[in-house]
1. Six or more apart or on different chains, Cβ under 7 Å: which pairs go from a residue in segment 34-52 that's among the polar types (S, T, N, Q) to one that's surrounded by 14 or more Cβ atoms within 10 Å (Cβ to Cβ)? Could you list them?
2. Tell me, which residue of segment 52-69 that is touching an Asp or Glu at 6+ places or on another chain (Cβ under 8 Å) and not in a helix (DSSP H, G or I) is farthest from GLN82 (Cα to Cα)?
3. Of the conditions (1) part of a helix (DSSP H, G or I); (2) modelled with pLDDT under 90, PRO90 satisfies every one except a single condition; which number is it?
4. Take the conditions assigned to a helix (DSSP H, G or I), among the small types (Gly, Ala, Ser), modelled with pLDDT of 90 or more and surrounded by 10 or more Cβ atoms within 10 Å (Cβ to Cβ) and apply them to ALA11. Does it pass?
5. I'd like to verify a number: residues in segment 35-46 that are in contact with a Leu (Cβ under 9 Å, 6 or more places away or on another chain), over 17 Å from SER76 (Cβ atoms) and assigned to a helix (DSSP H, G or I), how many?
6. Could you tell me which of the residues VAL42, VAL54, VAL59 is surrounded by 15 or more Cβ atoms within 10 Å (Cβ to Cβ), farther than 24 Å from THR20 by Cα and of a type in the set (A, V, I, L, M)?
7. Got a number for residues in segment 62-87 being modelled with pLDDT of 90 or more, more than 14 Å from the chain's Cα centre (by Cα) and surrounded by 11 or more Cβ atoms within 10 Å (Cβ to Cβ)?
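The values are calculated or read from the model by the stated rules, or taken from the named source; none is laboratory data. Nothing here was measured: the structure is a model prediction, and the numbers come from that model. Ideal geometry is used to build each Cβ from the backbone, glycine not excepted, and the neighbour counts take in all protein chains shown.
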Amino acid sequence: MKTTLYILALAFTFTSCKDTWPQEYKDQYHRDCMESPTLQGVPESIAKSYCDCVLEKTVAKYPNVEDLLAHMNEVSSDPDIQSCSDNLTPKK
């Protein structure tokens, strides 16, 4: 029994340290991101550019989903992620 628990704990440790986001999490994060700009009348192509940027920078800064969840309050004020707002203004 101890061996089984040790193996399970070890497996959990390795999977939780994995630097990856499952595709379904990325897709959901992107969908959630798209809601606000689109509801505010931002054209879909501009909202997509913004959300692509936010997702890319978020995954780079928090490669593990658990890290993101632990720092959710910091994401909205992160200057690097906030710089994606530049994508919300149409290019001239």
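1. From residues that are among the polar types (S, T, N, Q), the pairs are THR38/ALA47; SER49/ASN87.
2. ASN64
3. Going through (1) part of a helix (DSSP H, G or I); (2) modelled with pLDDT under 90 one by one, PRO90 breaks only (1).
4. In short, no.
5. Residues meeting the conditions: 1.
6. Exactly one of VAL42, VAL54, VAL59 is surrounded by 15 or more Cβ atoms within 10 Å (Cβ to Cβ), farther than 24 Å from THR20 by Cα and of a type in the set (A, V, I, L, M), namely VAL42.
7. So the answer is 2.
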